[in-house]
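Let me begin by presenting the structure, written as structure tokens, before commenting on it.
The values are calculated or read from the model by the stated rules, or taken from the named source; none is laboratory data. The model shown is predicted, which means the values in this text are computed figures rather than measured ones. Heads up, the Cβs are rebuilt from the backbone with ideal geometry, glycines too, and the neighbour counts pull from every protein chain shown.
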Amino acid sequence: MFARLGRGVVRHPWWTILAWVVVAVGLVALAPELKTKTDQEDFLPTKYESIQAAKLAGEAFPGADQKTSPAMIVVKRSDGGKLTEADTQRIGQVAQALQGKNIPGVTKVTATPPAPDRSIQLIAVPLPNDWQDQDAMTKGKDAIKKLRTETTAQLRGGPLSYGITGDQASTVDNEESDKQTMALIGIGTIVIIIVLLGIIFRAPIAALLPIVVISVVSMVSGALTAMIGNAFDLNFDKGFDMIVVVVLYGIGTDYILFLLFRYRERLRAGEDKKTAMITSVERVGEAIASAAGAVIVAFLVLLLASFKAFGGLGPQLAIAVAVMFVTSLTLVPAIISLIGPAVFWPSKSWKKEPKPGLWVKLGNGVGRRPVVAAAASGLVLVALAAAAFGFKADYDFSASAPQNTESAKAMKDLRNSLPAGLLTPTEVYVKADKPLTEADLASYSQRLNGAPGVGQGGVQKPVFSQDKTVAKFAVSLKDNPNSSKSIQLVKGPFRDYVHEGAPAGAKVLVGGQTAVFADINTINNRDLSVILPVAVVLIGLILALQLRALVAPIYLVGAVLLGFAATLGATVVLFQFIEGKPGLMFQLPIILYLFVLAIGTDYNILMIARLREEAREGHDPRRGAALGIQHAGPTVAAAGVILAGTFAMLVVSPQSMTAQIGFGVAIGILLSAFVMAAFFVPAITALLGHKAWWPGHSDAPRAPLQDPGDPLEDRFAKTGIGS
């Protein structure tokens, strides 16, 4: 199959390239806009209580704009003293002045009473905050900028200072930083790929080729994603956009790297440029197909997630990888077959056999002492995996943002003096079959004040629907509403408390941001318990079909699972134990699981395939392990370093959650390449010997051993995948 594909592409390179150009232009021209969301509430199924509460709010208060969030102007004395009565009067005048400015998007400006300790006083300004309405978002951000200008003018020369906080203020403060970070990550990723490929091949064309090709693939996969997303009504989380780009560049470079390594080998063996490329596609095609299949299957398993942000991410990544897979075996061979050996210009190293070096020594060491190699590499993975038990989920997006901005500092002042949940209150809805009055709810209102975790004075008077059958209480929690402590509180004790005391004949629903995250916590635990075993089984089946064995896939998948736990543990050690973070972003375990599972399987496929080829040549298991590491080790190492380097660029992001993804995936890739694939898997295979291939006989010798005096490349010519 791959031989026929290689012949067709190499013999008709210009037609192949033309077909790609036509398809790319057509898809990009016809593709609709990609549908993205940012509000986590939009990704939850309707059966969850927080979503039912939101639906009830929309029905009961149709005149109220549900897509708003308050901007809080936090005013304090510049000298750090207590606010005086004169200060309070001045703050009220400022609120009236701001109201009179008729700022677009600002409908109401209200000065609240001073905090109990009189350290701060708030001016509340509700602003539009609908992530699906670009005009509303723009209006909200413009309002923040105008409010800052006007408030500065009002307080100039006086004893008061201020800061504006809230969702929109945070967006404005971080927007420019995010743009600069995205640009830095994009440029850094490209530079890393070019530099590392330049070091490996010492050839500018080989270094630049992946960048050019993957840029085209990025446009095509983006257009295809938008089409498929619209056809199947998928929603994509805008927060994952950079991850998709990094995945595409990392995995795409890996596939092109596998092809270039094999092409160079065939040229060294004396084949002409076209024959060398046909052979390369034939030999590497199965490895790339199996690796891409494992990655695509792992990503598509996300469709089983109830949390629909992951349900959109899975197809988005799978489409990108699928397009890259097809490209690497069609467009890339066509281009290289035209360029020929000049792809490695000006280096002449492609003409010479490399001298035995580090990988020969490592391979011989593992071959001689597989027990030591298996124990040492396994111990590293187990030690790191143990730290994974310390994982804590964090849902506080504001805490992951830079803390030196005006909005972050103002939020800190607010939380130091008032209930932390004031800005994002938990909402308690009481629905009855008959009209309600304040008298009916007096005892329930008093009960809410005694609910677990409620701050002092944290329950506001109820707001009634037009027909009076629904009442809404805004409840401010004393702790950060996005903290794990508050989420676990709302998830259990708080909900139980407000449900148990519901007025007779009434139904109570708990909503608001903290309740949404509480439901996300529940759904994440469910998703991980479903996604993990399904992905393991499917990838195990792919390995079993490729290797025609049952034993090897079992320990390969086991190694990858251990690698996932070690990766999560290493991330916990850095961010929780060393940096002192309260937790790691709640999406991290699933993201790390999928990347480590898929990419770790990629490298294991390359290594185990080479081990099988050495066995087919008649080498005993230990000698086969030594030769497998010697030949496949450099390819796996180069691919791992490049892919880890691209993800490591995310660490420069000022957003803690992005940095966690970057570090976690990068360390997972390095563990997969340099611990699992290079040592653990070859050592276990050497110890099991022929049993690794049970019940098949895919390791049965198919060619006589080479004479020790034969050139190394003669043996390469008879091997299969993964050199």
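Results, tabulated for the structure shown:
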read-out	value
Every pair of residues 6+ apart whose Cβ atoms lie under 7 Å, when the first sits in the stretch 548-564 and is assigned by TED's automatic domain parsing to the domain that holds residue 388 and within 13 Å of residue 596 (Cβ to Cβ) while the second is assigned to a helix (DSSP H, G or I) and among the aromatic types (Phe, Trp, Tyr)	559/680; 564/593
Residue that is crowded, with 20+ Cβ neighbours inside 10 Å and aliphatic (A, V, I, L, M), where the choices are 516, 537	516
Pick from the stretch 261-284, criterion outside any helix (DSSP H, G or I) and at negative phi, ranking: surrounded by the fewest Cβ atoms within 10 Å (Cβ to Cβ)	272
The listed residue being buried (at least 22 other Cβ atoms within 10 Å of the Cβ), more than 20 Å from the chain's Cα centre (by Cα) and part of a helix (DSSP H, G or I), out of 294, 287, 298	287
Residue list for the stretch 303-328, filter: over 14 Å from the mean Cα position of the chain (by Cα), at pLDDT 85 or above and among the small types (Gly, Ala, Ser)	320, 322, 328
Output for the stretch 625-643, where each listed residue is surrounded by 22 or more Cβ atoms within 10 Å (Cβ to Cβ) and either of a type in the set (D, E, K, R) or over 13 Å from residue 679 (Cα atoms) (or both)	631, 635, 638, 639, 640, 642, 643
First in the stretch 67-90 and in contact (Cβ under 8 Å) with a residue 60 or more places away in the chain and assigned by TED's automatic domain parsing to the domain that holds residue 154, second anywhere and surrounded by 12 or more Cβ atoms within 10 Å (Cβ to Cβ) and of a type in the set (Phe, Trp, Tyr), Cβ under 6 Å, 6 or more apart	73/162; 75/162
When residues of the stretch 579-630 are limited to those that are under 30 Å from residue 483 (Cβ atoms) and aromatic (Phe, Trp, Tyr), the one modelled with the lowest pLDDT	595
Per-region count, the stretch 467-504, residues part of a loop (DSSP other than H, G, I, E, B) and touching a residue at least 24 places away in the same chain (Cβ under 8 Å)	12
The stretch 505-528 residues that are touching a residue at least 12 places away in the same chain (Cβ under 8 Å), paired with ones that are of a type in the set (D, E, K, R) and in a strand (DSSP E or B) (beta carbon under 8 Å, 6 or more apart)	506/431; 507/431; 508/431; 509/431; 510/427; 511/427; 512/427; 515/427
Residue in the stretch 436-457 that is at pLDDT below 85, outside the structural domain of residue 658 (by TED's automatic domain parsing) and more than 30 Å from residue 587 (Cα to Cα) present	yes
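Conditions (1) touching a helix residue (DSSP H, G or I) at 6+ places or on another chain (Cβ under 6 Å); (2) within 21 Å of residue 518 (Cα to Cα); (3) surrounded by fewer than 21 Cβ atoms within 10 Å (Cβ to Cβ); (4) among the hydrophobic types (A, V, I, L, M, F, W, C), marked per residue:
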| position | (1), (2), (3), (4) |
| --- | --- |
| 407 | yes, no, no, no |
| 423 | no, yes, no, yes |
| 430 | no, yes, no, yes |
| 435 | no, no, yes, no |
| 445 | no, no, yes, no |
| 460 | no, no, yes, no |
